[in-house]
Amino acid sequence: MQVWKDFWKGFRLLPSAWLLLTQLLILVLTAFTRDIPSFRALLWVLGVLVLLIIAKVIRQTPTFTILGLSFVACAVLFSTLIMFGVQDPNIQMIAHSFEACAYFCAAYGLLRYMFADRYLTKDELFAAGAVFTLIAWGFAFLYSVCQLMYPQSFSNPNQSGLQSWLDLLFLSFSLQSATGLSDLMPMSAPARVLAMLQMFCGVMYLALIVSRLIALQYIAHLPERHEPKDK
């Protein structure tokens, strides 16, 4: 019981750290799926866990919270249908659309959380990394929707037809980090527009968050000002 209390206390203090850790765990496990049912089930459970943590970190105005939780609930519902064997492309597009909206809502919520005060906390440092991965995951879901709506949206010398989730996620991280390492190329107009939007978001996010963290670190080390005593 005490272990559970300590775990819950740590989660409440550092929800962004748990969100980032869970996403990185999914990223590592994705390399070992190989269409094994047990691995797919594990990744689905972890994906649902990420959505539940997202529900925790969305802590803004009541309207924004209700909207974000609606995206999370719909994403869990439709991803469950896919997990249980529903192969309808329309269901997949709806599921990935809601997942993208949930991830973007969480990224926006964490950004507002990081800019809400003038103090740099440990959780805000983890939030900076979590927002980067949330945006990358969100665009990867949009790329998945794009290739389902517009076949041959991406060109890959190693694979034809629909691209795998790992390839789309790799493309997303490559564009967002401006490394350009992916062999996957957006070909259709919607795919290229999404790619350009992600390039813009990635560059702006890195510039914004680096300047913010530097400013907060500077403020934290400012000497205290003492008010002059009245004579």
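For the criterion of being out of contact with any Pro (no Cβ under 8 Å at 6 or more places or on another chain) and either among the hydroxyl-bearing types (Ser, Thr, Tyr) or open to solvent by 40 Å² or more (accessible area, probe 1.4 Å) (or both), residue 152 passes. Could you please let me know if residue 115 is in contact (Cβ under 8 Å) with a residue 12 or more places away in the chain, hydrophobic (A, V, I, L, M, F, W, C) and touching a Leu at 6+ places or on another chain (Cβ under 8 Å)? For residue 115, the condition - in contact (Cβ under 8 Å) with a residue 12 or more places away in the chain, hydrophobic (A, V, I, L, M, F, W, C) and touching a Leu at 6+ places or on another chain (Cβ under 8 Å) - is not met. Within the stretch 74-108, being modelled with pLDDT under 85 and of a type in the set (Gly, Ala, Ser) holds for one residue alone: 85.
The values are calculated or read from the model by the stated rules, or taken from the named source; none is laboratory data. On a predicted model such as this, the values are computed, not experimentally measured, just so you know. Counting neighbours? That spans all protein chains shown, and the Cβs are built from the backbone with ideal geometry, glycine included. Just so you know, the surface numbers come from the protein's heavy atoms only, side chains and all, with ligands and any DNA or RNA stripped out. Shrake-Rupley method; radii C 1.70, N 1.55, O 1.52, S 1.80 Å.
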